[in-house]
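Report on the following structure.
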Amino acid sequence: MNQNLKSALKISLPLLLGVLLVWYSLSKISIPVLLGYFKDANYFWVGLGVFFGLLSHLSRAYRWKFMIEPMGYHLRLPNSIMAVFTSYLVNYTIPRAGEVSRATVLTNYEGVPFQKGFGTIIAERVADLLVMLCIISISLLLEFDIIFDFLHTNVNPTKLMVLGLILISGLALGYQIYNTSNHVFILKIKTVFTGLIEGVSSIIKMKKKWTYLAHTLFIWLMYVLMFYVTSFSILETSQLPFSAILMGFISASFSIAATNGGIGSYPLAVFAAFSIFNIPEDPSIAFGWIMWTSQTIMVVLLGGLSLVFLPIYNRLYPKQTSK
């Protein structure tokens, strides 16, 4: 397939999926009803949710410094903050391209080799995944009976087993090819992987491991609080049990990977989780839209400002030393 066509499809397909999901989401709730929820929402709680979201992003930017320092580089906090917000904004255009842009900012303005910077971002994702698994485990323990009954009713165990076998077989085949092939493409992957390993190992080498862990827990606490306090903005979701909040948060978090920044998929993911607890459709979807819109406005504003001020800041305050 032509490389330009591949690039075009990579950008256009997630956007098309997002548009279709927006249409589908809006087909589940009438526009006047949705606007009514926006009009009647308590924006104190929405604003507090945005504030908690902002704290999580700032903590992520500060945490990044702990991973860069063991490799012999000093990451300036303003660049780290602007790189984080830029990456979030870029993810609204090309899925997962934000991580690449974030590592590129590090290379251009802090002199950190791309593979090493990208490796620290991968290490972040590993730490975040572990926390997410903990949240999922807590959710399962809190509402095991409800979730088990829902899965037993709606999921075919045979299909689930087949999908698991296919996934395991694919991973085994990929691992075999990686270890035995001398193809140019595989060798290039191995070269990149070597740089990634150093970045990932920085989490082990860092001097402030416990501070890094504290920031990791703080980031996810702010994420959950962001979701939780915003639920108070709508009367129908203000009395949700905390277990329902956690399930909605988990579902919404995964939806962000499905489309660009969760466009269209976020409200549907919230509704899917809340439906397990028999929460009505309209307030569930409306809450999802309010939650997604408020966080998106923050990311677009701060991400846009970061794109503008990154070159200005670094022109006014050029990096004085390098490795």
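Structure summary
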read-out: Only listed residue being among the β-branched types (Val, Ile, Thr), closer than 20 Å to residue 216 by Cα and touching a helix residue (DSSP H, G or I) at 6+ places or on another chain (Cβ under 7 Å), chosen from 46, 84, 105; value: 84
read-out: Subset of segment 285-305 [surrounded by fewer than 19 Cβ atoms within 10 Å (Cβ to Cβ) and more than 19 Å from the chain's Cα centre (by Cα)]; value: 305
read-out: Residue match in segment 31-52 (condition: within 22 Å of residue 213 (Cα to Cα) and either surrounded by fewer than 17 Cβ atoms within 10 Å (Cβ to Cβ) or of a type in the set (Gly, Ala, Ser) (or both)); value: yes
read-out: Criterion violated by residue 26 - all others in (1) at pLDDT below 80; (2) surrounded by 20 or more Cβ atoms within 10 Å (Cβ to Cβ) satisfied; value: (2)
read-out: Count of segment 175-185 residues which are surrounded by 10 or more Cβ atoms within 10 Å (Cβ to Cβ), in a helix (DSSP H, G or I) and either modelled with pLDDT under 75 or of a type in the set (Lys, Arg) (or both); value: 2
read-out: Residues located in segment 253-271, provided they are aliphatic (A, V, I, L, M) and either within 15 Å of residue 26 (Cβ to Cβ) or at pLDDT 90 or above (or both); value: 263, 268, 269, 270
read-out: Checklist (1) at pLDDT 90 or above; (2) surrounded by 21 or more Cβ atoms within 10 Å (Cβ to Cβ); (3) in contact with a Lys or Arg (Cβ under 9 Å, 6 or more places away or on another chain); (4) not hydroxyl-bearing (Ser, Thr, Tyr) applied to residue 199, failing item; value: (1)
read-out: Enumeration of residues in segment 82-123 that are over 22 Å from residue 54 (Cα atoms), surrounded by 22 or more Cβ atoms within 10 Å (Cβ to Cβ) and charged (D, E, K, R); value: 116
read-out: Residues located in segment 250-305, provided they are touching a residue at least 40 places away in the same chain (Cβ under 8 Å) and either acidic (Asp, Glu) or on the phi > 0 side of the Ramachandran plot (or both); value: 261, 264, 281, 282
read-out: Residue in segment 301-322 that is touching a Ser or Thr at 6+ places or on another chain (Cβ under 8 Å), closer than 15 Å to residue 230 by Cα and assigned to a helix (DSSP H, G or I) present; value: no
read-out: Positions within segment 33-85 being polar (S, T, N, Q), under 20 Å from the mean Cα position of the chain (by Cα) and over 16 Å from residue 105 (Cα atoms), in sequence order; value: 56, 59
read-out: Any hit, segment 306-320, residues being buried (at least 22 other Cβ atoms within 10 Å of the Cβ) and in contact (Cβ under 8 Å) with a residue 40 or more places away in the chain; value: yes
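The values are calculated or read from the model by the stated rules, or taken from the named source; none is laboratory data. Just so it is clear, the structure is predicted and the values come from calculations on it, not from any experiment. Don't worry about glycine lacking a Cβ; one is built from the backbone with ideal geometry, like all the others, and counts go over all protein chains shown.
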